[in-house]
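Visitor: Could you have a look at this structure, given as structure tokens, before my questions?
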Amino acid sequence: DTAVSQTPKYLVTQMGNDKSIKCEQNLGHDTMYWYKQDSKKFLKIMFSYNNKELIINETVPNRFSPKSPDKAHLNLHINSLELGDSAVYFCASSHLAGKGSPLHFGNGTRLTVT
Amino acid sequence: GIQVEQSPPDLILQEGANSTLRCNFSDSVNNLQWFHQNPWGQLINLFYIPSGTKQNGRLSATTVATERYSLLYISSSQTTDSGVYFCAVSEQAGTALIFGKGTTLSVSS
């Protein structure tokens, strides 16, 4: 019973292509996130959705577009992929209200742009 | 925005040794969590600890919110403890966790 699952695990593609990463959580959380981990292991928040509404949108190129069809799903679509987009993308979920709750991560999607 | 500093950046231990990892943050926080990223890249939540002390087996954590730091203790380390340990904080409700740069721990047998 995977709590936060994302697919695919690996994604290798060429510059200029468009790709999507899917994420689903079965923890009943109201908030989902996308984090990017660079080659130096630094984790940075990209987006956050609370009950299907975008609440956090950090400085991320417009080529990245999150979509949340319901509060259990958050997908990430990337247009016109660039070499610098190569990274590991993590989906996560938690409850947001009050002091929040433990953040649970998916296993990550390693994106390689050639 | 809030700054999160972790120390030491790297730590090498023999199996069985104890260690203390530190996380300093620049402003008041309402949420602080510790994570372990194993060598396979999985990020595991260790503690949700905005204040006080918690223990889970060989691991324990203490957050002193008024002095803006948190400590993660690992006792009797094992090779499976190797990986990167991250501290993450948020300043207020409704904001995402901001991560430190991590402490890379290597435990050898």
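The values are calculated or read from the model by the stated rules, or taken from the named source; none is laboratory data. On a predicted model such as this, the values are computed, not experimentally measured, just so you know. Glycine also receives a Cβ, built like all others from the backbone with ideal geometry; neighbour counts cover every protein chain displayed. When the accessible area is computed, the model is the full protein with side chains, heavy atoms only, and any ligands, DNA or RNA have been set aside. Shrake-Rupley method; radii C 1.70, N 1.55, O 1.52, S 1.80 Å.
Visitor: Which whole number gives the average count of other chain Cβ atoms within 10 Å of the Cβ atoms across peptide A:33-45?
Guide: On the way: counts 2, 1, 5, 0, 4, 0, 0, 2, 8, 5, 12, 3, 7.
What the average comes to for A:33-45 is 4.
Visitor: Straight-line reach from A:K40: which lysines have Cα under 23 Å away, leaving out those fewer than 8 places along the same chain?
Guide: A:K9, B:K101
Visitor: Still on this structure, please answer the following. Note the buried accessible area between A and B here, summed over both chains, with a 1.4 Å probe, in Å² to the nearest 100. Don't skip to the end; give the middle numbers.
Guide: Working: alone 6630 and 5890 Å², together 10840 Å².
Accessible area lost upon association: around 1700 Å².
Visitor: Still on this model: Out of all DSSP beta bridges with both ends in segment B:4-108, state the antiparallel percent to the nearest 5.
Guide: Numbers: 38 of 43 bridges.
Of all bridge pairs located within segment B:4-108, approximately 90 percent are antiparallel.
Visitor: Taking K and R as +1 and D and E as -1, what net charge do the other residues with C-beta under 14 Å from the C-beta of A:F64 add up to?
Guide: Numbers: positive: A:K19, A:K36, A:K44, A:R63, A:K67; negative: A:D18, A:E58, A:E82, A:D85.
Local net charge: +1.
Visitor: Segment B:4-108: percent of C-alpha pairs farther apart than 17 Å? Mind showing how you got there, number by number?
Guide: Values: 2617 of 5460 pairs.
Here the long-distance tail beyond 17 Å is 48 percent of all Cα pairs in segment B:4-108.
Visitor: Counting only other chains, what is the mean number of Cβ atoms within 10 angstrom of the Cβ of each residue in peptide B:98-109? If you can, show how the numbers build up before the last one.
Guide: Values: counts 3, 7, 2, 4, 4, 0, 1, 0, 0, 0, 0, 0.
Counting Cβ atoms of other protein chains within 10 Å of each residue's Cβ and averaging gives 2.
Visitor: Same structure again: Can you compute the charge dipole magnitude of chain B about its Cα centre, using +1 on each Lys and Arg Cβ and -1 on each Asp and Glu Cβ, nothing else charged? Give it in debye, rounded to the nearest 20.
Guide: Values: 5 positive and 7 negative charges, 28 e Å.
Using only the charged Cβ atoms, the result is roughly 140 debye.
Visitor: Compute the orientation-averaged projected area for segment A:4-113 from the convex hull of its Cα atoms and round it to one decimal in nm². Could you put the intermediate results ahead of the total?
Guide: Values: hull surface 25.5 nm².
That works out to 6.4 nm², a quarter of the Cα hull's surface.
Visitor: Using a 1.4 Å probe on the protein heavy atoms, what percent of the accessible area of the protein assembly as shown belongs to carbon and sulfur? Kindly include the intermediate steps, with their values, before the conclusion.
Guide: Details: 5210 of 10840 Å².
Carbon and sulfur atoms account for 48 percent of the accessible area of the protein assembly as shown.
Visitor: Taking K and R as +1 and D and E as -1, what net charge do the other residues with C-beta under 12 Å from the C-beta of B:T62 add up to? Provide the component values of the computation, followed by the final result.
Guide: Working: positive: B:R22, B:K54; negative: B:E67.
Taking every Cβ under 12 Å from that of B:T62, the sum is +1.
Visitor: Name the lysines eligible as straight-distance cross-link partners of A:K52: C-alpha to C-alpha under 17 Å, and not fewer than 8 places from it in the same chain.
Guide: A:K22, A:K67, A:K71
Visitor: Averaged over its residues, how many other protein chain Cβ atoms are within 10 Å of peptide A:60-69's Cβ atoms? Let's see the in-between values first.
Guide: Working: counts 0, 0, 0, 0, 0, 0, 0, 0, 0, 0.
What the average comes to for A:60-69 is 0.
Visitor: Take the Cα gyration tensor of the protein assembly as shown, multiply each eigenvalue by 5, square-root it, and list the three semi-axes largest first, rounded to whole angstrom.
Guide: So the equivalent ellipsoid measures 29, 21, 15 Å along its semi-axes.
Visitor: Quick check: net charge around A:N51, other residues with Cβ under 10 Å of its Cβ, Lys/Arg +1 and Asp/Glu -1? All intermediate terms of the calculation are to be shown ahead of the outcome.
Guide: Numbers: positive: A:K52, A:K71; negative: A:D30, A:E53, A:D70.
Local charge sum for A:N51: -1.
Visitor: Which residue, A:S48, B:N30, B:A61, has the largest displacement toward the positive end of the dipole of the protein assembly as shown when charges sit on each Cβ (Lys, Arg +1; Asp, Glu -1)?
Guide: Value computed over the given set: A:S48.
Visitor: Any idea what the dipole of the protein assembly as shown comes to, in debye rounded to 20, about its Cα centre with Lys/Arg Cβ at +1 and Asp/Glu Cβ at -1? Numbers along the way, then the final one.
Guide: Numbers: 18 positive and 17 negative charges, 31 e Å.
Around 140 debye, computed over the protein assembly as shown.
Visitor: Still on this structure, please answer the following. Run the reach check for A:K19 against aspartates and glutamates, Cα to Cα strictly under 18 Å, same-chain hits fewer than 8 apart removed. What comes back?
Guide: Cα-Cα hits under 18 Å: A:E82, A:D85.
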